[in-house]
Amino acid sequence: MKNNVTPNPLSNISPYIRRASYSVIPAPWHLSQRVLLDYEIIYVKEGEVTVTLDDGAFPAKPGDAIFLRPNQRHSIRLIKGDNFVQPHIHLDLVQQEDSPMVPVSFEDKDELTPQERQHMRPDILGEVMPELPTVITLNNPQVFEMLLYEIINIWCSRPSQYELLLKYKAIRLLAMLLLQVNREQEDPALPLGNDMLGVQTYILANYQKPISIDLLCRTFAISKSSLSARFKKAFGLSVIEFYNQVRVQKAKDLLACGRSITEVSELLNFSSVYAFSRFMKTHTGSPPSAFLRQPAQ
């Protein structure tokens with residue numbers, strides 16, 4: 001029997017991260033009109049910009065995400081603020097043989113060489129979500145920002161199995177954007193997620209500080225038993241397990257990016273280097289030194 005169901009193009013997604021960086025651009029700044037060969041996702045951390053497309057101009061403020069597609073003519077201008085701070089990534093939604101050879105484009109469509117035109121990525125999301133906005137006001141910007149930083153750290157430090165880690169993180173980032181847009185288009189008044197998402201967001205935004213169950217219960221006006229049961233049901237692990245998991249991952253990222261054990265211990269507010277070392281040994285089975293960036297050979 002033939003299967004007449006048309007496959008969803010998103011079912012084959014296997015992202016390739018071409019570039020991941022944290023950029024601070026001083027005012028005045030204007031990115032001239034260009035087209036990309038790939039997708040770009042920008043998080044607006046500081047500054048306010050206007051993104052101009054063929055069909056209009058769209059303002060973006062801190063806490064917004066900018067989603068740019070292949071072959072989409074655009075320009076960006078900083079309109080407010082001393083700096084435009086923009087952690088961002090360039091990616092292919094589906095990795096191809098020529099993915100490592102595709103450059104990041106700063107040229108307008110008419111200026112592309114024949115070879116560059118051959119590298120133009122298909123706009124897969126344009127087929128599935130033609131109404132996907134260029135500027136998306138994020139419901140949980142702290143979560144999005146931290147996930148983007150994780151991608152940047154992995155791309156810069158290239159730990160073991162970094163290609164797999166990048167695909168996993170990129171899919172999570174894309175899912176956050178697409179699920180939010182989908183729900184807003186279905187019902188703009190529909191609240192996103194359950195109330196435990198606020199607890200998760202709080203932890204992700206304050207992981208560098210001591211967090212206790214008592215603190216979370218006071219902050220969110222909830223009982224210990226309700227918080228524990230509902231968080232475990234929502235995310236599959238306890239509040240403290242999630243908090244420790246976030247701190248472990250951040251410690252690994254900082255160590256892999258060249259920070260010293262003492263620095264990381266202080267940044268994560270451990271009482272001592274010994275306490276930090278014991279924490280890492282307990283939760284990873286290895287001391288902090290195992291995650292230090294190795295010198296180039």
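The values are calculated or read from the model by the stated rules, or taken from the named source; none is laboratory data. Treat the numbers as computed from the prediction; the structure is a model and nothing was measured. FYI the Cβ positions are ideal-geometry reconstructions off the backbone, even for glycines, and counts take in every protein chain you see. Surface areas here come from the heavy atoms of the whole protein model, side chains and all, with no ligands, DNA or RNA. Shrake-Rupley method; radii C 1.70, N 1.55, O 1.52, S 1.80 Å.
So for region 2-12 (the condition being touching a residue at least 40 places away in the same chain (Cβ under 8 Å), within 20 Å of the chain's Cα centre (by Cα) and surrounded by 18 or more Cβ atoms within 10 Å (Cβ to Cβ)), does at least one residue qualify? No, because not a single residue in region 2-12 is touching a residue at least 40 places away in the same chain (Cβ under 8 Å), within 20 Å of the chain's Cα centre (by Cα) and surrounded by 18 or more Cβ atoms within 10 Å (Cβ to Cβ).
Conditions (1) touching a Pro at 6+ places or on another chain (Cβ under 9 Å); (2) modelled with pLDDT under 90, marked per residue:
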{"site": "Leu267", "(1), (2)": "no, no"}
{"site": "Phe270", "(1), (2)": "no, no"}
{"site": "Val273", "(1), (2)": "yes, no"}
{"site": "Pro287", "(1), (2)": "no, no"}
{"site": "Ala296", "(1), (2)": "no, yes"}
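Select from region 263-277 the residues that are within 21 Å of Cys156 (Cβ to Cβ) and part of a helix (DSSP H, G or I) and write down the one among them that is least open to solvent (accessible area, probe 1.4 Å). It comes out as Val264. Selection over region 21-45 of residues that are open to solvent by less than 10 Å² (accessible area, probe 1.4 Å) and in a strand (DSSP E or B) gives a count of 6. Looking at the structure I just gave you, is Gln249 open to solvent by 40 Å² or more (accessible area, probe 1.4 Å), in contact (Cβ under 8 Å) with a residue 24 or more places away in the chain, under 21 Å from Met146 (Cα atoms) and in contact with an Asp or Glu (Cβ under 9 Å, 6 or more places away or on another chain)? Yes.
Gln185 versus (1) open to solvent by 60 Å² or more (accessible area, probe 1.4 Å); (2) touching an Asp or Glu at 6+ places or on another chain (Cβ under 8 Å); (3) at pLDDT 85 or above: which is the lone unmet condition? Answer for Gln185: the failing condition is (3). Scanning region 101-111 for residues that are crowded, with 16+ Cβ neighbours inside 10 Å and under 23 Å from Ser14 (Cβ atoms) returns Val102, Ser105. When region 112-144 is limited to residues that are crowded, with 17+ Cβ neighbours inside 10 Å and part of a strand (DSSP E or B), the one that is farthest from the chain's Cα centre (by Cα) turns out to be Val135.
Within the option set Val143, Val128, being aliphatic (A, V, I, L, M), over 26 Å from Pro9 (Cα atoms) and modelled with pLDDT under 85 holds for one residue only, Val143. Against the condition under 15 Å from Thr134 (Cα atoms), of a type in the set (Phe, Trp, Tyr) and under 17 Å from the mean Cα position of the chain (by Cα), how does Phe67 come out, does it pass? So Phe67 fits the description; yes.
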